[in-house]
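The values are calculated or read from the model by the stated rules, or taken from the named source; none is laboratory data. This one's a predicted model, so the numbers in the text were calculated from it and none came from an experiment. Every residue, glycine among them, receives a Cβ derived from its backbone with ideal geometry; neighbour counts consider all protein chains shown. What goes into the accessible areas is simple: the full protein's heavy atoms, side chains included, and nothing from ligands, DNA or RNA. Shrake-Rupley method; radii C 1.70, N 1.55, O 1.52, S 1.80 Å.
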Amino acid sequence: MIWCNGEILDGPLAVSAGDRGLTHGLGVFETILAVDGSPVALDLHLQRMSSGAARLGLDARRISGATIGNSIRDLLRRKKLTQGRARVRITLTAGSGELRALAPGSDSILAITAAPAATPPVSVALVTAPFPRNEASPLAGVKCLSYAENLLALDYARRMEADECLFLNTRGELCEATTSNLFLVRDGEILTPPLSSGCLPGTMRHRVIAACADLGIGVGEPALHPADLLAASELFTSSAIRGLVPVSIIDQREMPDAVMVKRLSQHLGSHA
């Protein structure tokens, strides 16, 4: 069961063979946590999706908060996902069109799917990726359908017996993990790579920074380097679906037990 272009489809989604979202990865998507039938931080997700759509020449006007929110709740209700955690995905494709122009085609698809969300892990192991993030890429900061680079990184992490890769950018700065943002704790202050590093502007990243202000915890976004990992007392990742997850191992080096992340998680859980 899928919501697509304003309708509920009880069956497979038909996609044009000429849709540039399918053939070239031209499109944007969001993955959103829903709790007890309601999406969490939907406004932040739709703001990011609209911004990404505009950068790719897509029709950002289709991403209406009220329409999307009501459609998500309706889909969750129909799929009997109104208790506990669910994973919602919104996808906007470019549709067919000329390759030298970014104008969306009339067969562009805006689709919503939903499924039960997996239980978040207790901790994650990271390994440094064998290739960098390009902070100067026009896709930097866009949650784009062109996702093969991330899949290659996840496969590399699996082969290295880790959960995710940790990306450096072309300047050798810390950037992000494969599917999450990175935070470190040093001298009681929380630090995270700046958006200029090329990392995704994560919705949970945004919420963590706001939570630090609420709790009176110092937070900064300086340029960070691998040496800063050695000085950190804690590392953790953030993502919309998994929340905050401590890093237990980085490049086979064990990290201390997380303390700050538990305090932040408790605060964010009460403000979902």
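By accessible area, using a 1.4 Å probe on protein heavy atoms only, segment 83-212 has 56% of its surface on carbon and sulfur. Accessible surface computed residue by residue for the chain, with neighbouring protein chains in place and a 1.4 Å probe, gives 47 Å² per residue.
Bridging of LYS262 to aspartates and glutamates at a Cα separation below 12 Å is possible for GLU234, once same-chain residues fewer than 8 apart are set aside.
Look at the alpha carbon pairs under 8 Å that are at least 6 residues apart: their mean separation over the length of the chain gives a relative contact order of 18 percent. With respect to the chain, whose longest principal axis is taken over its alpha-carbon atoms, helix 260-269 is tilted by about 30°. The residues LEU75, LEU151, LEU139, sorted by heavy-atom accessible surface at 1.4 Å with ligands and nucleic acids left out, run LEU151, LEU139, LEU75 from largest to smallest. Shape class of segment 151-272 from the alpha-carbon gyration tensor: rounded, with the ratio a/c of largest to smallest axis under 1.5. Size estimate for the chain follows the Kirkwood approach: the inverse of mean 1/r over distinct Cα pairs works out to 19.5 Å.
Residues considered: ALA118, ALA14, ALA177. Largest GNM mean-square fluctuation over the chain, using C-alpha springs under 10 Å, is found at ALA14.
With each label modelled as a point 7 angstrom along the Cα→C-beta vector, the ALA103-ASP74 pair spans 3.0 nm. Computed over segment 1-143, relative contact order equals 31 percent, with contacts defined as Cα pairs under 8 Å that lie 6+ residues apart. Build a GNM of the chain with springs between Cα atoms under 10 Å apart, and of PRO104, PRO132, PRO226 the one that fluctuates most is PRO226.
Quick one: Cα centre-to-centre distance for segment 102-164 and segment 59-81, in angstrom? When both Cα centres are located, 23 Å separates them. For segment 42-195, the square roots a ≥ b ≥ c of the C-alpha gyration tensor eigenvalues yield an a/c of 1.5 or more together with a/b not exceeding b/c, which makes the shape oblate.
Once backbone amide H atoms are built at 1.01 Å from N, ILE190 has GLY218, VAL219, GLY220 as its partners under 5 Å, excluding neighbours fewer than 5 places away on the same chain. Over segment 115-234, what relative contact order in percent results from Cα pairs under 8 Å that are six or more residues apart? Computed value for segment 115-234: 25 percent relative contact order.
3J(HN,Hα) along segment 13-22, derived from phi through the Karplus expression 6.51 cos²θ - 1.76 cosθ + 1.60 where θ = phi - 60°, amounts to 8, 8, 10, 4, 5, x, 5, 5, x, 7 Hz, with x in place of Gly and Pro.
Let me check something: with ligands and nucleic acids excluded, how do HIS267, HIS45, HIS206 order by accessible area (1.4 Å probe), largest to smallest?
Details: HIS267 30, HIS45 0, HIS206 105 Å².
So, going from the largest accessible area down, we get HIS206, HIS267, HIS45.
Residues ASP251, ASP257, ordered by accessible area of protein heavy atoms at a 1.4 angstrom probe radius and largest first, appear as ASP257, ASP251.
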